[in-house]
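**Q** One structure, as structure tokens, below. Some questions next.
Quick note: the coordinates plus some simple rules give every number you see, no bench work behind them. Values in this document were obtained by computation on a predicted structure and should not be read as measured data. Ideal geometry is used to build each Cβ from the backbone, glycine not excepted, and the neighbour counts take in all protein chains shown.
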Amino acid sequence: MSWRELLPPWLVIVAGLTGIMLLCVSTKDVPYGIVLDAGPSRTILFIYQWTTTKANKTGVIRGCISCPVQGPGVSSYSDSPQKAGKSLEPCLNWAQNEIPPEQHSQTPLYLGATASMRQLNLTHPILSDSLLAALTGTLKSSPFNFQGTQILSSPEEEAFNWVAVNYVLENFFKYDWQGQLVPSKKGMAGVLSVGGTSAQLTAELEEEKQAPEEGVRLQLYGQTRRVHTHQCPCHGTEQLRRRLLSLLIQVSVCAHPGECLCSSR
């Protein structure tokens, strides 16, 4: 993909951790940024490039390319943490070829781990710490400007997803007919994220008095945003699949499906 192309909307949504770069590179004059999105099933390395223009001290993405890390998600390496770090090396080497050598030391590098690492940290914190240490060691040995390895809380992860979606929808700013950045007059969109066991609804809280303590405060494009995530347990894809399967079983063994459905409510 050419760096001159705008970031494709589907890629921004997939790379929910775009929010990390928008927040962390907002005041730094760097042309590139790297995020490793360590999800439950796999890890993807994303390279972002920034325009020279900033919108109220926040960066504007010019392009993005990615490298899927071979193998499962990092939490699967709990019995062999060093292999988790080793798995990142091919994509880190790829990134060195994509980013000009003179920019390596200035390019911020982050890793954000999500749901599976949160679970591992709750059940086996020592294993979780060993994995993070191994990942940190590998990333620190790269020529890039390592900024941290972090297990994101659920509210943080959903806040970054919220940023990514609203960025794609041009709700923060837009380009006018002259190609200049101007403030957008559209409101912020809410984001529904559906996982395996639960769903999360993230939206902006407009009034300060509405903001609960667990809300996330974001400084973006000259404005302070407060977003809150409402958790919906048992509304994930796996739970819905089980409910549907149970319903189908009831119908299949009932001579009068209508009666069977009514009696099961």
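**Q** Excluding Leu152 itself, what net charge comes from residues whose Cβ is under 12 Å from its Cβ, given Lys and Arg +1 and Asp and Glu -1?
**A** -3
**Q** Would you mind ranking Leu220, Leu135 by Cβ crowding within 10 Å, fewest neighbours first?
**A** Fewest-to-most Cβ neighbours within 10 Å comes out as Leu220, Leu135.
**Q** Where does the charge balance sit around Ala199 when Lys and Arg score +1, Asp and Glu -1, over other residues with C-beta under 13 Å from its C-beta?
**A** -2
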